[in-house]
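The values are calculated or read from the model by the stated rules, or taken from the named source; none is laboratory data. Here the structure is a predicted model, which means the values were calculated and not measured. Don't worry about glycine lacking a Cβ; one is built from the backbone with ideal geometry, like all the others, and counts go over all protein chains shown. Just so you know, the surface numbers come from the protein's heavy atoms only, side chains and all, with ligands and any DNA or RNA stripped out. Shrake-Rupley method; radii C 1.70, N 1.55, O 1.52, S 1.80 Å.
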Amino acid sequence: MIAAAFFYLFSGICIASAVMVIASRNPVHSVLFLILAFVNAAGLFILMGAEFLALILVVVYVGAVAVLFLFVVMMLDVDFAELRQGFMNYLPVGALVGIVLLCELLLVVGAWAIGPGIVRTVVLPIPPAETVTNTEALGLVLYTRYVYFFQASGLVLLVAMIGAIVLTLRHKPAVKRQNISDQLARKKAAIIEMHDVRPGQGL
């Protein structure tokens, strides 16, 4: 009974947070609602007995990815009022893409079928729980059967991190910076200047 109450609590807050992510007008508020959705999803993982996934969701997504989104949104200082001015120009194309995605979702939901042995397969980990722990079983499956997908997701996160650094990096013209290649290419004639100082006169 208590587990069911926590399930409805976490799932309700998670769904409400997910709706507010796309409904909020302020992008900073959207990222904060996204963090709240991740935390409640972690609670659902704990209820299912996947403690490692719950901790990974909090540490990686809340502690790194969502915070990265928040910093990028706050540092870019995007003028969203200016972006909304061209909303009507892209509305026909966006509506067409939305209709196509809606049709695809309806086809997927309409053709959804559950196999007779899928419940037993999901409940039993690979390998059996008597031999390894939950975390070790997840690692064995992740680094053998889904190793290429795992590496691809890592590359996606790497590209996102590099893109955030490039977008937030601003070079100010008045700031002096060190250029190693120019320093190594300097010649003695360009950096040494001889002056004949006469007695009683300064430079």
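For the pair Thr133 and Ala190, how long in nm is the line joining their label points, each one 7 Å along Cα→Cβ?
Here the modelled spin labels are 5.9 nm apart.
In the range 128-178, what percent of the accessible surface is made up of carbon and sulfur (1.4 Å probe, ligands and nucleic acids excluded)?
The nonpolar share, carbon plus sulfur, comes to 70 percent.
What distance in nm separates the two pseudo spin-label positions at Leu105 and Val73, each 7 Å out from Cα along the beta-carbon direction?
Distance between the two pseudo-spin positions: 2.0 nm.
Quickly work out the Leu157-to-Asn26 label distance, labels modelled 7 Å from Cα along the C-beta direction, and quote it in nm with one decimal.
My value for the distance between the label points is 2.9 nm.
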